[in-house]
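Contents: one structure, followed by commentary.
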Amino acid sequence: MTLASPRIVRTARAIARPAERNAMTFVDSPPAATADTPPITLAGVTKDFVTDSGDTVHAVAQVDLAIEPGEFVCIVGPSGCGKSTLMDMVAGFLPPTGGTVSVGERVVTAPGQDRGVVFQQPNLFPWMSVRHNVELGPRLRGVRARERRELAERFLTLVGLEQFMERRPYELSGGMQQRCQIARVLANDPEVILMDEPFGALDALTRERLQLELLEIWRQKRKTVIFITHSVDEAIFLGTRVLVMSARPGRVILDQPVHLAGPEAGSELRSLPEFVALRDKVSAAIYAAQNVHGATPVDH
Amino acid sequence: MSAAVATAATESGPAQGGPRGRARSWPTGLRRGAVHASVFAALMLTWWGVTAASLIDPLFLPGPAAVWQAFVDANTCHPVNETSSRIVCGAQNYFLWEHLLASLQRIAIGVSAAVAFGVLLGFLMGTMRGFGMVLEPYLNFLRALPPLGYIGLLIVWFGIGDVSKIWLLFLAAFPPITMATIAGVRGIHASRIHAVESLGASRWQVLVHVVFPSTLPGVISGVRIAVGFAWTTVVAAELNNGIPGIGGLAYVAGTQLQTPLVIACIIVIGLAAIALDSALKLLGAVAVPWYGKAKA
Ligand SMILES: Nc1ncnc2c1ncn2[C@@H]1O[C@H](COP(=O)(O)OP(=O)(O)O)[C@@H](O)[C@H]1O
Ligand SMILES: [Mg+2]
């Protein structure tokens with residue numbers, strides 16, 4: 001078997017087949033950075049919007065942030081506080097009004113393959129089958145048909161969609177579409193994964209299942225993840241670090257490390273006293289931020 | 001949607017159950033067909049009744065039989081009249097189907113050129129803001145003109161033959177295609193573009209893999225509008241030197257008071273237009289099966 005790029009060879013090895021996956025899940029090793037995952041640095045990042053009526057909206061104000069390789073950073077805050085704006089700047093969709101975003105040594109100026117994005121809406125292309133959607137990233141880089149097919153099959157199996165590869169996206173449920181989107185991003189082997197409320201539109205059960213799947217994938221791959229959510233519970237459950245943003249203009253008002261996530265802990269984690277204490281602390285920070293600025297309450 | 005499917009399933013299911021259910025459980029398609037058939041039969045019967053009772057001078061409205069005869073004559077070789085042994089073929093030296101084909105050919109050439117040019121222009125105007133802004137007023141101006149308003153100019157430029165007619169069809173057909181393409185390009189949700197850009201797509205790859213397929217449903221409906229418009233235009237344009245051509249035949253037959261042939265032509269023109277549009281609709285359904293099913 002010959003594979004086109006060294007990066008893909010690494011991916012292919014990192015992704016275990018389902019049978020081996022369970023074994024890997026129970027190997028208790030702390031999240032460690034892989035060599036190809038660079039740090040992300042935000043230096044004095046500011047974003048102002050000028051609305052159609054000519055007003056200036058200060059969406060993000062002076063955010064300084066260093067995200068280490070392999071971290072799972074969750075960002076919470078009241079809605080409209082600038083979380084998506086911040087992520088759009090990291091993704092390269094929006095230029096900052098002030099400051100810089102860097103991934104490794106490079107200053108971000110445009111979207112790129114190194115930063116995979118999982119949107120709240122599945123954003124799959126309906127003119128392609130599920131498999132072709134997942135193959136798209138490798139295809140854009142010129143990976144040969146057979147290899148990208150193997151990649152797609154592997155990642156679709158990882159997210160449990162192996163039965164649906166030849167379907168069109170609109171023939172899948174919302175949760176399955178979201179899984180497919182995650183597979184598409186993983187198959188493209190980004191260095192960083194950016195997720196903007198990816199489970200926000202799903203029902204509670206599907207959401208919980210996808211949270212567990214995402215954790216498992218993250219433990220295997222050790223990619224840096226930035227994950228936006230408005231659920232404090234979700235942030236603490238998933239993250240190794242939780243950032244709380246203030247109401248607009250958004251700035252980071254709490255930077256909370258989380259050292260709960262053990263691979264053996266499933267959903268029971270939520271009833272641990274440490275978990276409850278952290279949740280109270282983060283929630284308090286959000287409410288305090290809102291009261292200062294008199295903003296709308298956080299939505300749950 | 002599942003409710004609609006369920007309804008269709010019960011309605012088109014085999015007739016079963018009591019006598020009360022019998023009328024209800026007719027397949028929907030069959031029931032609709034029956035309604036159409038009865039309305040059509042009533043219409044024909046009225047036409048036949050009115051003409052058979054000689055309520056109207058046959059010069060103004062000939063009966064169905066005369067129209068059918070004119071249609072048959074226009075498609076075969078037949079004696080000039082009952083007493084003569086001279087044989088003529090078709091009408092105005094061509095069979096009716098040749099007239100129809102000549103008109104369809106003009107449409108095919110004119111609209112094909114319009115699709116190629118119109119889609120390209122639409123993409124350029126939709127993707128390059130400045131370019132689109134500068135050209136849009138001229139496109140709107142051209143679109144607002146009735147094509148027959150400038151046929152005279154085209155005849156001066158390109159002569160009275162087919163070339164001026166094809167130019168006319170091209171000019172009539174490309175603006176709706178361009179407008180539909182521009183609307184399609186501008187209507188693409190930004191997150192769709194962002195999604196493919198984050199996968200590492202170059203500008204060109206974004207166009208090929210996302211912008212083009214996203215625009216396809218709009219382009220196809222633009223082509224449908226353009227073909228309908230071109231069809232009405234070609235029939236009218238054939239008033240001048242339009243033989244062979246179905247519009248030309250209808251016009252010449254009218255000037256020679258061959259009313260049955262005029263009506264036969266009108267029916268053929270209408271049916272051809274409907275067939276053309278149905279074919280395009282089908283093509284659209286095959287080419288963009290996702291249309292209307294996928295969310296942003
Ligand atoms: N393109 C835009 N033009 C004007 N205001 C915007 C634009 N995008 C976002 N905003 C404003 O910036 C603020 C932050 O938005 P957003 O980052 O989407 O919030 P969040 O994701 O935290 O809910 C909001 O008040 C929103 O109204
Ligand atoms: Mg948001």
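For chain B, what does the helix formula give at 222 nm: sum of -39500 (n - 2.57) over DSSP H segments with n ≥ 4, over the residue count, nearest 500 deg cm²/dmol?
Result for chain B: -23500 deg cm²/dmol, rounded to the nearest 500.
To the nearest 20 Debye, how big is the dipole of segment B:96-287 about its Cα centre, given +1 on the beta carbon of each Lys and Arg and -1 on that of each Asp and Glu?
440
What does the charge count around A:Leu278 come to, taking other residues whose C-beta lies under 12 Å from its C-beta (Lys +1, Arg +1, Asp -1, Glu -1)?
Around A:Leu278, the surrounding residues sum to +1.
Percent antiparallel among DSSP beta bridges with both residues in the protein assembly as shown, to the nearest 5?
If we restrict to bridges inside the protein assembly as shown, about 55 percent are antiparallel.
With the dipole of the protein assembly as shown worked out from charges on the C-beta (+1 for Lys and Arg, -1 for Asp and Glu) around the Cα centre, which of B:Val111, B:Ala190, B:Leu145 lies farthest toward the positive end?
B:Val111
Using DSSP H assignments, which helices in chain B have an axial alpha-carbon span of 24 Å or above and a mean Kyte-Doolittle hydropathy of -1.0 or higher?
B:28-52, B:96-127, B:162-186, B:212-237, B:259-287
Going by the alpha-carbon gyration tensor, a ≥ b ≥ c the square roots of its eigenvalues, is the protein assembly as shown rounded (a/c under 1.5) or, if a/c is not under 1.5, prolate (a/b greater than b/c) versus oblate?
It is prolate, given that a/c is not under 1.5 and a/b is the larger ratio.
Name the most mobile residue of B:Ser164, B:Ser278, B:Ser112, meaning the one with the largest mean-square fluctuation, in a Gaussian network model of chain B with Cα contacts below 10 Å.
B:Ser278
Output the lone cysteines of the protein assembly as shown: those with no second cysteine's C-beta under 4.7 Å from their C-beta.
A:Cys74, A:Cys81, A:Cys180, B:Cys265
Just list whichever of B:Lys165/B:Lys281; B:Lys165/B:Lys293; A:Lys47/A:Lys223; A:Lys83/A:Lys281 have alpha carbons separated by over 29 Å in the model shown.
Pairs exceeding 29 Å: B:Lys165/B:Lys293.
For chain B, set up a Gaussian network in which alpha carbons nearer than 10 Å are linked by springs, and say which option among B:Arg186, B:Arg129, B:Arg224 fluctuates the most.
Highest fluctuation among the options: B:Arg129.
Build a GNM of chain B with springs between Cα atoms under 10 Å: which of B:Ala65, B:Ala195, B:Ala114 gets the top mean-square fluctuation?
Maximum among the listed residues: B:Ala195.
Read-outs: derived from the displayed coordinates by stated rules, not from any lab. Predicted model, so just to flag it, every value in this text is computed and none were measured. Cβ: placed from backbone, ideal geometry, glycine included. Neighbour counts: every protein chain shown.
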